[in-house]
């Protein structure tokens, strides 16, 4: 069996499963953000006319993190957040991360950072980028609000079809200023936005072995941009290191791995040795080009952050490039550390000071302008270069604007010049 | 018979169907007003109730990709549209089934705005062109949810049956 098949078999109490089987896995962790407000409505709806009191099946397995609209941009959002805050109190949800500088942040950083994600776990989230948590060897996938309400009531994900798996084997050493973001953009371009729809991307190979968890999170985060149900890196020594050293996990770790004779739908091999920085051009994530094709394009706003690239490593490489430099006049730069913890680490290491000295604005942890909700919107005809994960029309709050996606290194180098710039140097 | 009232291309994301800036709006009574909000002309027609229930929105491949936001389904459900597309993104398809939005996967569909479609259990016939296109049934695993009238009644039934899974 593949890693995901093993996880689903165990969570469903079966000796084995195969592709296409319909199973009902027990859920180890159920995550929501502000859309918990909608989940609560649907949850209460389930209980209507039943004489039963709405009760989460196991409050210790539910996590709620505010990140999409923090602090609230409107009375409506504030009232939704208030409603969620009251609900988690009544239901005794302890994995609740409010708008705070100590324990707050983006859900897909908060979950791994706090040791909530474990290898072999079944994790569902009312967010499509829940695929991120495959980075630690969990089977993690996005669901809608009504489905989450059903999970809250039953503790299982109903009618899950065992998905086929595509094995992605990655070899070669990245060139300087090339990394996980460029790899996943390249892969999404190759597979297309629907190439892995209803499938799992399982990552292997020496390049993945050497990748840290932060980079693996970037990789699995964007698996959904190829349509994948989940991305997964089977747990290894790096997973153990991360859980012990960074997430403070003391419990035994279950290294679930694919069998030698696991059946894959397809095997894709990628050698990254010659990979250059990759850019996803408007208005689809699979419209990926090597940076040379777009070098020199004027950018009005540069964003570093999001569940894809707001971690300490991402800020470190950006700070290295920006230290002592200035953000170009006519370009604004917004930086969003992925969590309060990342923000404090970035402060301690001097990154925040370097960014501000350069003219960047360092914002509070959260999703920021990624999904165009409440800050950092673009003006008509403006172009953004962003380390986020989506560039759909209107994504950054204005259908009359463009978003290009890139790595933190490209974002930093481009903020200085005001045009899309290859951090490796060259003709530009 | 159902009339095609709107046609879109491939990879139409939930950001296009229901822009992120309206995500604080969650009520199914309110989301339909914001369906395709960035296409002012179509949105205005929907709001003015000029689109009769049972009309077809024709999608390409990977319809509903991107964010898991359920508003992208409830906003279409509110107008009782039928979504016929070459293929659907996983979470959108799931949400549609859960909320009872009618979705039809028809990989080779050829039709234009104004065409009349006849949708049977196995095929979509374009009455305007005379061509017939096979359709892909929804996953069998979903039928129980559809039969129950959506995921909320399905889950309610399970709860009442005492089938609650406990650890």
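The values are calculated or read from the model by the stated rules, or taken from the named source; none is laboratory data. Quick caveat, the model's predicted, so the values are computed rather than measured. As a convention, Cβ positions derive from the backbone with ideal geometry for all residues, glycine included, and neighbour counts pool all protein chains shown.
The numbered conditions (1) surrounded by 17 or more Cβ atoms within 10 Å (Cβ to Cβ); (2) more than 14 Å from chain B (Cβ to nearest Cβ) are all true for residue A:37 except (2). Filtered by the rule that a residue be in a helix (DSSP H, G or I) and either in contact with a strand residue (DSSP E or B) (Cβ under 6 Å, 6 or more places away or on another chain) or within 13 Å of chain A (Cβ to nearest Cβ) (or both), the range B:42-78 gives B:42, B:43, B:71, B:72, B:73, B:74, B:75, B:77. In the range A:229-248, the count of residues that are at positive phi and surrounded by fewer than 15 Cβ atoms within 10 Å (Cβ to Cβ) is one or more.
Among the residues in the range A:57-75, are any surrounded by fewer than 24 Cβ atoms within 10 Å (Cβ to Cβ), closer than 19 Å to residue A:139 by Cα, touching a strand residue (DSSP E or B) at 6+ places or on another chain (Cβ under 8 Å) and within 14 Å of chain B (Cβ to nearest Cβ)? Yes, the range A:57-75 contains a residue that is surrounded by fewer than 24 Cβ atoms within 10 Å (Cβ to Cβ), closer than 19 Å to residue A:139 by Cα, touching a strand residue (DSSP E or B) at 6+ places or on another chain (Cβ under 8 Å) and within 14 Å of chain B (Cβ to nearest Cβ).
Residue by residue, here is whether (1) in the same structural domain as residue A:110 (by TED's automatic domain parsing); (2) part of a loop (DSSP other than H, G, I, E, B); (3) more than 22 Å from residue A:175 (Cβ to Cβ); (4) modelled with pLDDT under 95 holds:
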residue: A:208; (1), (2), (3), (4): yes, no, no, no
residue: A:238; (1), (2), (3), (4): yes, no, no, no
residue: A:242; (1), (2), (3), (4): yes, no, yes, no
residue: A:245; (1), (2), (3), (4): yes, no, yes, no
residue: A:258; (1), (2), (3), (4): yes, yes, yes, no
residue: A:282; (1), (2), (3), (4): no, yes, yes, no
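Assessment of the range A:409-426 against the conditions (within 14 Å of chain B (Cβ to nearest Cβ) and either free of Cβ contacts under 8 Å to residues at least 12 places away in the same chain or closer than 18 Å to residue B:23 by Cβ (or both)) yields no matching residue. Sub-6 Å Cβ pairs linking a first residue in the range A:120-135 that is at positive phi to a second residue that is assigned to a helix (DSSP H, G or I) and buried (at least 24 other Cβ atoms within 10 Å of the Cβ), at least 6 apart or interchain, are A:120/A:7, ordered by first then second residue.
Condition check ((1) within 14 Å of another protein chain (Cβ to nearest Cβ); (2) buried (at least 24 other Cβ atoms within 10 Å of the Cβ); (3) in contact with a strand residue (DSSP E or B) (Cβ under 8 Å, 6 or more places away or on another chain); (4) at positive phi) across all residues:
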| residue | (1), (2), (3), (4) |
| --- | --- |
| A:156 | yes, no, yes, no |
| A:165 | no, yes, yes, no |
| A:168 | no, yes, yes, no |
| A:206 | no, no, yes, no |
| A:251 | no, no, no, no |
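The criterion of at least 3 residues that are outside the structural domain of residue A:99 (by TED's automatic domain parsing), in contact with a strand residue (DSSP E or B) (Cβ under 8 Å, 6 or more places away or on another chain) and closer than 20 Å to residue A:279 by Cβ is met, among helices (runs of 4 or more DSSP H) falling completely within the range A:306-419, by A:408-417.
Comparison of A:139, A:177 shows that the only residue that is touching a helix residue (DSSP H, G or I) at 6+ places or on another chain (Cβ under 6 Å), surrounded by fewer than 24 Cβ atoms within 10 Å (Cβ to Cβ) and closer than 25 Å to residue A:387 by Cα is A:177.
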